[in-house]
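Engineer: Sending over a structure as structure tokens; questions will come in a sec.
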There are 2 protein chains.
Amino acid sequence: MPGPRFTLDRSSPVPLYFQVAEQFERAILDGSIAPGERIDNEVSLAADLGLSRPTMRQAIQVLVDKGMLVRKRGVGTQVVHGKIRRSVELTSLHDDLSAAGQQPHTEVIAVGKVPADEDVARELQLSRGADVWSLERLRFVDKQPLALMHNFIPVDVVDLDAVDLAETGLYAHLRDCGIVMRVARQRIGARGATVDEGRLLRERKGAPLLTMQRTAYDNAGRAVEYGRHAYRPDLYAFELTLVDR
Amino acid sequence: MPGPRFTLDRSSPVPLYFQVAEQFERAILDGSIAPGERIDNEVSLAADLGLSRPTMRQAIQVLVDKGMLVRKRGVGTQVVHGKIRRSVELTSLHDDLSAAGQQPHTEVIAVGKVPADEDVARELQLSRGADVWSLERLRFVDKQPLALMHNFIPVDVVDLDAVDLAETGLYAHLRDCGIVMRVARQRIGARGATVDEGRLLRERKGAPLLTMQRTAYDNAGRAVEYGRHAYRPDLYAFELTLVDR
DNA sequence: CATGTCAATATGTCAGGACAAAGGCTTGAC
DNA sequence: GTCAAGCCTTTGTCCTGACATATTGACATG
């Protein structure tokens, strides 16, 4: 618990509490602080670094939210475990795979304007039959088909024409257009593959697929994207870390 | 934004920030504050209620974490959307269903001590072959089989003999024994049903099933439970709300 | 030996103030 | 008319200080 000496850069634009949290996280991940070990109390940690207790507390809170630390009143704060897999976040599969060092490859199957069906209209808060962008893509990893993705986007959100979606990824393009997604509702389920899905994903009809539907909302609470995706369950799964607060 | 008048009870043991958060949440859920609407700024809200700004800020943060509010620096804080389905939490299926007003019914298929296989040993941080409790249950809703649950628990965590697990639910029993689960890692996937699973869940062999594996850790970072579950995807799905912070 | 009490310790909550940074709006120069 | 500078509002970060409450362990008591 004397722990590695943390360094603070007060001239950096990075908030102090975040600098501390980052270094703490590294120390936990690389094993400098063992799981189960108690860290110093907030007051002395703050004093060591020349911070106020609320700032130190805020730094610790970041890691508590991530599930790496656990507070116990009257006792102290302990490391729960070192290896925390990345939890489900508001990112796209493209980001996920790129970050994992894999070589994703995307094939655009179809893109164009279509009238919204009942599902799409409800999720995007539009009237049924309204025009929406429809985008179907097939994602590969190592030449193997991994996911079939069908996205719907209101036409007034962004223009999808003449965009190289095979390269950039949908979410990256939306970000570039100034669309900021803040909240999303996801629903994860399973079902058998249709004939078309089977052909594209190289599975037989009826083979189990992992499905995910996601509706994403921007700053203003406007629904900006609805996606229905199907994954090959032998190649993909969702991992998440739950924290009881 | 003048908003409903909130009431504070300073003699209550419930923290002030939590009282405010609760009443705010109710106002959002019942539509008193419409989605997209901006709420008052933190300073004046705090002044209205006779609170300090940090306390008011903490109250708002609770709802930001839930995905109901979105902050924008220099602009204000907005309601994103009213209806937030419960996100995935550190609770059991039994709790989930009870809360939903359904009538869950559980059948214990098998319970006893077994040697840990490779998976179980790794997840529970035990040596292979060590004795663990094995508990297989089948859960029904409205007489329909919904989930097949297989849990493993280290023998030194709790005694599972002579417990009516059909009634109480596993997690409730663990809570009663003083086991507090703080963090859990989940992995959600899909696969085809085995013959045995098909028989119990009344599906044919190879029918798509939604699967979830969960390892739960207690305060000390000790793995206290590992579960492999299979759900009928026509009756169950995982919903979660993601928030970008 | 069991049990209740008390003190030490650590986190939980709350107040009040200060300045920084970002977004939106107005104003002014060109 | 357009674009940039500057002002205002609002949230973001950080400080100091205080008291409340839960946990643990030592100690006294039955």
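The values are calculated or read from the model by the stated rules, or taken from the named source; none is laboratory data. Worth saying up front: this structure is predicted, and the values here are computed from it rather than measured. Ideal geometry is used to build each Cβ from the backbone, glycine not excepted, and the neighbour counts take in all protein chains shown. Side chains included, ligands, DNA and RNA excluded: accessible areas come from the protein's heavy atoms. Shrake-Rupley method; radii C 1.70, N 1.55, O 1.52, S 1.80 Å.
Engineer: What residue, of A:Ile28, A:Ile33, A:Ile60, is touching a helix residue (DSSP H, G or I) at 6+ places or on another chain (Cβ under 6 Å), β-branched (Val, Ile, Thr) and within 24 Å of A:Gly74 (Cβ to Cβ)? Write out each step before concluding.
Structural biologist: On the way: A:Ile28 fails: touching a helix residue (DSSP H, G or I) at 6+ places or on another chain (Cβ under 6 Å); A:Ile60 fails: touching a helix residue (DSSP H, G or I) at 6+ places or on another chain (Cβ under 6 Å).
Just a single option satisfies the conditions, and that option is A:Ile33.
Engineer: Which residues, counting only those in segment A:35-57, are within 14 Å of chain B (Cβ to nearest Cβ) and open to solvent by 40 Å² or more (accessible area, probe 1.4 Å)?
Structural biologist: Our first condition is that a residue be within 14 Å of chain B (Cβ to nearest Cβ); within segment A:35-57, this holds for A:35-39, A:52-55, A:57.
If the condition is that a residue be within 14 Å of chain B (Cβ to nearest Cβ) and open to solvent by 40 Å² or more (accessible area, probe 1.4 Å), then A:Pro35, A:Glu37, A:Arg38, A:Ser52, A:Arg53, A:Pro54, A:Arg57 are the ones that fit.
Engineer: Let me ask something else. Evaluate the following for A:Leu242: is it open to solvent by less than 20 Å² (accessible area, probe 1.4 Å), of a type in the set (A, V, I, L, M) and at pLDDT below 95? Don't jump to the end; show me each part of the working.
Structural biologist: Numbers: open to solvent by less than 20 Å² (accessible area, probe 1.4 Å): yes; of a type in the set (A, V, I, L, M): yes; at pLDDT below 95: yes.
When the stated conditions are applied, A:Leu242 passes them.
Engineer: Looking at segment A:50-57, can you tell me whether even one residue there is within 16 Å of DNA strand D (Cβ to nearest atom), without any contact (Cβ under 8 Å) to a residue 12 or more places away in the chain and not basic (Lys, Arg)?
Structural biologist: First pass over segment A:50-57, keeping only residues within 16 Å of DNA strand D (Cβ to nearest atom): A:50-57.
Those still in the list that are without any contact (Cβ under 8 Å) to a residue 12 or more places away in the chain too: A:52-54.
Still in the running and not basic (Lys, Arg): A:52, A:54.
The answer is yes; a qualifying residue exists.
Engineer: Of the numbered conditions (1) open to solvent by less than 10 Å² (accessible area, probe 1.4 Å); (2) more than 14 Å from chain B (Cβ to nearest Cβ); (3) of a type outside the set (D, E, K, R), A:Ala172 fails exactly one; give the number of that condition.
Structural biologist: Unmet condition: (1).
Engineer: If A:Gln61 meets every condition in (1) open to solvent by 70 Å² or more (accessible area, probe 1.4 Å); (2) at pLDDT 90 or above; (3) assigned by TED's automatic domain parsing to the domain that holds A:Leu29 apart from one, which number is that one?
Structural biologist: Result: A:Gln61 passes all but (1).
Engineer: So which residues in segment A:11-58 are closer than 24 Å to B:Asp218 by Cα and within 14 Å of DNA strand C (Cβ to nearest atom)?
Structural biologist: Across segment A:11-58, the qualifying residues are A:Phe24, A:Ile33, A:Glu37, A:Arg38, A:Ile39, A:Asp40, A:Asn41, A:Glu42, A:Arg57, A:Gln58.
Engineer: Oh, and also: Can you tell me which residues in segment A:8-34 are surrounded by 13 or more Cβ atoms within 10 Å (Cβ to Cβ), more than 16 Å from DNA strand D (Cβ to nearest atom) and not in a helix (DSSP H, G or I)?
Structural biologist: Answer for segment A:8-34, where residues must be surrounded by 13 or more Cβ atoms within 10 Å (Cβ to Cβ), more than 16 Å from DNA strand D (Cβ to nearest atom) and not in a helix (DSSP H, G or I): A:Ser32, A:Ile33.
Engineer: Which of the residues spanning segment B:58-69 are near DNA strand D (Cβ under 9 Å from one of its atoms) and within 13 Å of chain A (Cβ to nearest Cβ)? Walk me through it before giving the result.
Structural biologist: If we filter segment B:58-69 for residues that are near DNA strand D (Cβ under 9 Å from one of its atoms), which is where we start, we get B:60-61, B:64.
Correct list: B:Gln61, B:Val64.
Engineer: Test A:Asp218 against the criterion of being at the interface with another protein chain (Cβ under 10 Å from one of its Cβ atoms) and surrounded by fewer than 21 Cβ atoms within 10 Å (Cβ to Cβ), and give yes or no. Give the derivation first.
Structural biologist: On the way: at the interface with another protein chain (Cβ under 10 Å from one of its Cβ atoms): yes; surrounded by fewer than 21 Cβ atoms within 10 Å (Cβ to Cβ): yes.
Yes: the conditions hold for A:Asp218.
Engineer: Out of A:Val155, A:Val195, which single residue is of a type in the set (A, V, I, L, M), farther than 25 Å from B:Gly36 by Cα, open to solvent by 20 Å² or more (accessible area, probe 1.4 Å) and without any contact (Cβ under 8 Å) to a residue 60 or more places away in the chain?
Structural biologist: Numbers: A:Val155 fails: farther than 25 Å from B:Gly36 by Cα.
Unique residue meeting the criteria: A:Val195.
Engineer: Looking at B:Thr106, B:Thr77, can you tell me which residue is outside any helix (DSSP H, G or I), within 16 Å of DNA strand C (Cβ to nearest atom) and either open to solvent by less than 40 Å² (accessible area, probe 1.4 Å) or at pLDDT 60 or above (or both)? Steps first, answer last, please.
Structural biologist: On the way: B:Thr106 fails: within 16 Å of DNA strand C (Cβ to nearest atom).
Every option except B:Thr77 fails the conditions.
Engineer: If you don't mind, there's one more thing I want to ask. Among the numbered criteria (1) of a type outside the set (S, T, N, Q); (2) without any contact (Cβ under 8 Å) to a residue 40 or more places away in the chain; (3) closer than 30 Å to B:Lys205 by Cα, which one does A:Leu138 miss?
Structural biologist: Condition (2) is where A:Leu138 drops out.
Engineer: Is it true that some residue in segment B:157-171 is at pLDDT below 90 and over 25 Å from the mean Cα position of the chain (by Cα)?
Structural biologist: We begin by selecting, within segment B:157-171, every residue at pLDDT below 90; these are B:157-171.
Among the residues that remain, those that are also over 25 Å from the mean Cα position of the chain (by Cα) are: B:161-162.
Yes, some residue in segment B:157-171 is at pLDDT below 90 and over 25 Å from the mean Cα position of the chain (by Cα).
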